[in-house]
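Step one of this worksheet: look at the structure below.
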């Protein structure tokens, strides 16, 4: 049995941040019903981050919405709204990532939902929180990376700001939402009380930098300085970085400079005997090291450094990685199937519990494909009188209805 089996998640969120949280809940056994607009659905269905189209829709949608159900509903339509309210009465968790004020205008905000379902855990992600002059700005990943200083930590000193090559802030916000929701589910198991979990992408991006921001705050306000070459961390000293070799690249983490000089037979490094020079002269050290490592292959340097317990690694692309035995043993790739028979490969849940790998053969849903089944199973109400009927279904009745 998966740990979140018998939990019902009603998910209004779209694109990446919110759906990444509900994806992990689905992986852990929760039933996730995705509320989507009729005809268009989640914006991520057609908002392409690459030119890869899978079964007529964006590859990103398929990656982040597997193992979920789709219920198409026009939230401004009375009948559709009443059907959604029936689901909300029975939900353990409700999620959304609309801008502040949107759910209030639609009538599905925390105050309204908790009035009919006091035990609900209601989670929401915004771009910049609910206060301040930024609260109405678009919560888009690149914009958050740029505003929060994150782009000044990657790349070399002369490169200007460099964003990460992933929607990292979206994923962090989703992970933080999941953490908050799971903590509140534990609390609910003790007290029976529901809760409101609020995450902003702004907070998540700042928390992601807790190491570097703490250093900045306690270093007289000195801004981080990236090295001129081979930068991998704006604060760490030499040799920390990625270096070109005769046939590829080599990653080097922390290490004694004179020890490296002896192991690599690089006389230029042997002159730096003071520990502080790894920081005060890191540009000079990195230039010497970079020039020397080009004279040998990656395999040659690894054969010298790894036996000496120097922290180092080959630098692989995805093709090289997936052909490696170290990757194959993980069983990280799974094949999933849509209701129309279309199959695709994607990653599995990274969490193992008691040694068990959590995987599922269920792929992403077609827009609204689960409407009829959900309507029948939940006996969704169709009139305002039924929708406003007092009282909540017991948790035991809910669980029986979900099985």
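The values are calculated or read from the model by the stated rules, or taken from the named source; none is laboratory data. What you see is a predicted model, and the numbers here were worked out from it, not measured in a lab. Cβ placement follows ideal geometry from the backbone for every residue including glycine, while neighbour counts extend to all protein chains displayed.
Values as computed for the structure displayed
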read-out	value
Criterion (in contact (Cβ under 8 Å) with a residue 60 or more places away in the chain, within 25 Å of residue 130 (Cα to Cα) and surrounded by fewer than 16 Cβ atoms within 10 Å (Cβ to Cβ)) met by exactly one of 118, 19	118
Exclusive hit being under 20 Å from residue 297 (Cα atoms) and surrounded by 14 or more Cβ atoms within 10 Å (Cβ to Cβ), set 235, 240	240
Matching residues, the range 329-372, being closer than 30 Å to residue 85 by Cβ and free of Cβ contacts under 8 Å to residues at least 40 places away in the same chain	339, 372
Test: residue in the range 163-174 that is under 27 Å from residue 117 (Cβ atoms), modelled with pLDDT of 95 or more and in contact with a helix residue (DSSP H, G or I) (Cβ under 9 Å, 6 or more places away or on another chain)	yes
Filter pass, residue 166 being surrounded by 13 or more Cβ atoms within 10 Å (Cβ to Cβ) and either assigned by TED's automatic domain parsing to the domain that holds residue 19 or assigned to a helix (DSSP H, G or I) (or both)	no
Single unsatisfied condition, residue 289 versus (1) outside any helix (DSSP H, G or I); (2) surrounded by 13 or more Cβ atoms within 10 Å (Cβ to Cβ); (3) touching a residue at least 40 places away in the same chain (Cβ under 8 Å)	(1)
Lone qualifier among 386, 372, 335 - being modelled with pLDDT of 95 or more and out of contact with any strand residue (DSSP E or B) (no Cβ under 8 Å at 6 or more places or on another chain)	372
Any chance residue 227 is within 20 Å of residue 157 (Cβ to Cβ) and in contact with a strand residue (DSSP E or B) (Cβ under 8 Å, 6 or more places away or on another chain)	yes
Test: residue in the range 296-303 that is in a strand (DSSP E or B) and either surrounded by fewer than 16 Cβ atoms within 10 Å (Cβ to Cβ) or assigned by TED's automatic domain parsing to the domain that holds residue 373 (or both)	no
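For (1) buried (at least 19 other Cβ atoms within 10 Å of the Cβ); (2) farther than 20 Å from residue 125 by Cβ; (3) in the same structural domain as residue 355 (by TED's automatic domain parsing); (4) at pLDDT below 95, each residue gets a yes or a no:
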site	(1), (2), (3), (4)
27	yes, no, yes, no
34	yes, no, yes, no
42	yes, no, yes, no
53	no, yes, yes, yes
61	yes, no, yes, no
74	no, yes, yes, no
88	yes, no, yes, no
95	yes, no, yes, no
112	no, no, yes, no
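Here is a yes/no grid of residues against (1) touching a strand residue (DSSP E or B) at 6+ places or on another chain (Cβ under 6 Å); (2) part of a loop (DSSP other than H, G, I, E, B):
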{"position": "3", "(1), (2)": "no, yes"}
{"position": "9", "(1), (2)": "yes, no"}
{"position": "20", "(1), (2)": "no, no"}
{"position": "24", "(1), (2)": "no, no"}
{"position": "32", "(1), (2)": "yes, no"}
{"position": "39", "(1), (2)": "no, yes"}
{"position": "60", "(1), (2)": "no, no"}
{"position": "66", "(1), (2)": "yes, yes"}
